[in-house]
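Undergrad: Below you'll find the structure I mean.
What follows is calculated from the coordinates using simple rules that are stated; it is not laboratory data. Nothing here was measured: the structure is a model prediction, and the numbers come from that model. Because the Cβ atoms are built from the backbone with ideal geometry, glycine has one as well, and the counts that use them run over all protein chains shown.
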């Protein structure tokens, strides 16, 4: 069965410090992997996806197939990064629906 | 342009009642998804439409839940005989086509409270 684990429900870092939000997945096949973010009083939105190999707002995520991890990283956290972050593999067998983790609430302390 | 919209934003109902939740996807998006987010959890997939047809309804928890998309745009999620456990935020998302690289754009959600 598909499973996504985000071990930290809450994570606080100081502004300017590096941040890493962990995500481990257990998934059949080769899922596509996404990170979604929800800022305060805003809707859920895509932050980045593995296939694009992109860096958005300074965030990157590396897929480690051996460890089945897709951790999100940023070298220098900013206050505006405070938000709820969800790791989400995509089912590629048809619907391409997303399986979300429970999320990590990141707080960046000024 | 206009994003995904959902109405109502909040719905309070009594146990046993019937409710309808509406989703207006982004114009031209053929794929539409419904998710449910319970308190402290991530969104959970309910149903997926490609055009007018429900291509995958494997996430619907039981037969009290039903969704339609008769003209391939607006979708309605229908819940019969509501129970307190149905209380959650119901999210709708749309994408241009269904594909692993297609971004799903989410609506603001409908917060359903069953008393």
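Undergrad: For the stretch B:1-57, take every pair of Cα atoms, bin their distances at 5 Å starting from 0, and report each bin as a whole percent.
TA: 4, 14, 19, 26, 21, 11, 4, 0
Undergrad: Shifting gears a bit: Kirkwood Rh, Cα Rg: Rg to Rh for the stretch A:3-109? Don't skip to the end; give the middle numbers.
TA: Details: Rg = 13.2 Å, Rh = 13.9 Å.
Reported Rg/Rh (Cα atoms, Kirkwood Rh): 0.95.
Undergrad: Which residue, B:89, B:12, B:74, tops the fluctuation ranking in a GNM of chain B built on C-alpha contacts under 10 Å?
TA: B:12
Undergrad: As a test, work out the antiparallel percent of DSSP beta bridges whose residues both lie in chain B, rounded to the nearest 5.
TA: On the way: 33 of 37 bridges.
Rounded to the nearest five, the antiparallel share is 90 percent.
Undergrad: Partner chain Cβ atoms within 10 Å, averaged over the residues of B:104-113 - can you pull that number for me? Present the calculation step by step, with values, prior to reporting the outcome.
TA: Numbers: counts 10, 4, 8, 2, 4, 2, 0, 0, 0, 0.
For peptide B:104-113, the averaged partner shielding equals 3.
Undergrad: Based on other C-beta atoms within 10 Å, arrange B:23, A:23 from fewest to most.
TA: Exposure proxy ranking, most exposed first: A:23, B:23.
Undergrad: Would you order B:63, B:57 from fewest to most other beta-carbon atoms within 10 Å of each residue's own beta-carbon? Intermediate results must be reported in sequence, preceding the final value.
TA: Numbers: B:63 7, B:57 16.
Ordered from fewest to most neighbouring Cβ atoms within 10 Å, B:63, B:57 come out as B:63, B:57.
Undergrad: Right, next: For B:34, A:35, what ranking results if the residue with the fewest other Cβ atoms within 10 Å of its Cβ goes first? The partial results should precede the final answer.
TA: Working: B:34 29, A:35 23.
Fewest-to-most Cβ neighbours within 10 Å comes out as A:35, B:34.
Undergrad: Label residue B:113 and residue B:83 with points 7 Å out from Cα along Cα→Cβ: what is the distance between them in nm?
TA: Label-label distance for residue B:113 and residue B:83, simple model: 2.2 nm.
Undergrad: Using a 10 Å cut-off on Cβ to Cβ distances, tally the other chain neighbours for every residue of B:42-50 and report the average as a whole number. Spell out each step's value before the answer.
TA: Working: counts 14, 10, 4, 6, 1, 2, 5, 1, 3.
Mean partner-chain Cβ count within 10 Å for B:42-50: 5.
Undergrad: Stokes-Einstein diffusion coefficient for the protein assembly as shown at 37 °C in a medium of 0.692 mPa s, Rh from the Kirkwood formula over Cα pairs: what value in µm²/s?
TA: Values: Rh = 18.0 Å.
The estimated diffusion coefficient comes to 182 µm²/s.
Undergrad: Once Rh is set to the Kirkwood radius over Cα pairs, what Stokes-Einstein translational diffusion coefficient, in µm²/s, holds for the stretch B:5-99 at a temperature of 20 °C and a viscosity of 1.002 mPa s? Could the numbers behind the result be given before it?
TA: Working: Rh = 13.5 Å.
Translational D for this selection: 159 µm²/s.
Undergrad: Have a look at B:58, B:95, B:87 and tell me which one the Gaussian network model of chain B (Cα, springs below 10 Å) gives the largest fluctuation.
TA: Among B:58, B:95, B:87, the largest GNM mean-square fluctuation belongs to B:58.
Undergrad: I've got another one for you. Using alpha carbon centroids, what distance separates the stretch B:38-95 and the stretch A:31-105, in Å?
TA: Cα centroid to Cα centroid, the span is 23 Å.
Undergrad: Can you give the mean number of other chain Cβ atoms that lie within 10 Å of the Cβ atoms in peptide A:42-49? Intermediate values should be presented prior to the final figure.
TA: Details: counts 2, 10, 12, 5, 4, 0, 0, 4.
Neighbouring Cβ atoms belonging to other protein chains average 5 per residue here.
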